[in-house]
Each structure stands twice: as structure tokens, then as C-alpha cells.
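Worksheet for the structure shown next.
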Amino acid sequence: MAAPFFLLDRPWRELPGLAYGQRDAAILCKAALAPGVQACLPALDQAMAAWLPDAVLDPFSGVPNEAGFATRVLQWVAAVVRHAGVPLFRPGHARPMGQVDSRAVYVLLVVPCLDAQSTMAALTWALSACALVFNGAATGAMATSSPA
């Protein structure tokens, strides 16, 4: 099995709102991303578009960095949450933390939420789907798991 590409540090915490650019409640957590993880972004977008064809994604200008990749994951989390019928107006964002070592680039994730448990479930699903792509699994394997 390949090394993990995206790990969330524990504990995450829920913020009531008006923090880190969010107007609503948000989940704040630190993530460790494998350097170069953004190389699998085209395959990820293709696989996720098959799942959620109505998802609205912000286009990238140029090649995204690891924080750009994390932001894309948050856009997919927002799409999953919206697909479940929960209103969500912003996908959240990732901020580089300036910490880098040979194994990881660290980013701060700010994920808007109405219900922390369901948002974390959507994030967990999105990360599992990303792992299939990152680890070279066939995108057809995603058909056995539903986002909602």
C-alpha cells in the first residue's frame, strides 16, 4: 500500500463563525499532504466529476500547489454536502502553514459546516475517494461507495 497522501491531525475543532474568513460555523483542522500530491488533480477531477456532475469547481490558473489541492478537496466536500441537501454557500479554504518536511506539507483547513459530524463524514468520504485516485486505483472502484 502506498504512503498516506493526506492526513488530518487530531483534534479538529468547531468554531462558531466569523473566523478565518468564514461567516458561518466552521471546522478548523491541520492537514499533512504528501509533497507533489497535486499531480493527481486531473485524475481526481475526472473521477469526482463522474460522481457529482453538478458540482461547481473553481478553475485553477496554472499548476496548483499542495494548498490548492487541499482547496479542491474542500470544493468536493462542499459538493457532497450540497448533494445531501444541506445548504452550503462557500467551500472553505486551505492556508499554507509554512511547515514543510521531507514527508509532508502542512496546511490549515477551514471547512464551513452546519453540522460538524456530517461535514467530517463528507470530508472522510472525499479523502477516501482521493486516496483511491492517488494510490492508482481504478476510478470504477468508486462506484461502490456513495457520497450521500
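The values are calculated or read from the model by the stated rules, or taken from the named source; none is laboratory data. Since we're looking at a predicted model, the values are computed, not measured. Positions of Cβ are generated from backbone atoms using ideal geometry, with glycine treated the same way; all protein chains shown enter the neighbour counts.
Among the residues making up region 58-108, a single one is outside any helix (DSSP H, G or I), without any contact (Cβ under 8 Å) to a residue 24 or more places away in the chain and touching a strand residue (DSSP E or B) at 6+ places or on another chain (Cβ under 6 Å): Gln99.
Looking at Gln117, Gln75, just one residue is polar (S, T, N, Q), surrounded by 16 or more Cβ atoms within 10 Å (Cβ to Cβ) and over 14 Å from Leu7 (Cα atoms), and that residue is Gln75. Of the residues Arg103, Arg82, the single one that is modelled with pLDDT under 85 and closer than 20 Å to Asp24 by Cα is Arg82. For region 26-57, a residue qualifies if it is under 24 Å from Gln117 (Cα atoms), touching a residue at least 40 places away in the same chain (Cβ under 8 Å) and not in a helix (DSSP H, G or I), and the qualifying residues are Ala26, Ile27, Leu28, Cys29, Lys30, Ala31, Ala32, Leu33, Leu52.
With respect to being at pLDDT 80 or above and either acidic (Asp, Glu) or closer than 20 Å to Val86 by Cβ (or both), Val73 fits the description.
Pull up region 4-25, narrow it to residues that are aromatic (Phe, Trp, Tyr) and part of a loop (DSSP other than H, G, I, E, B), then point me to the one that is surrounded by the fewest Cβ atoms within 10 Å (Cβ to Cβ). In this case the residue turns out to be Tyr20.
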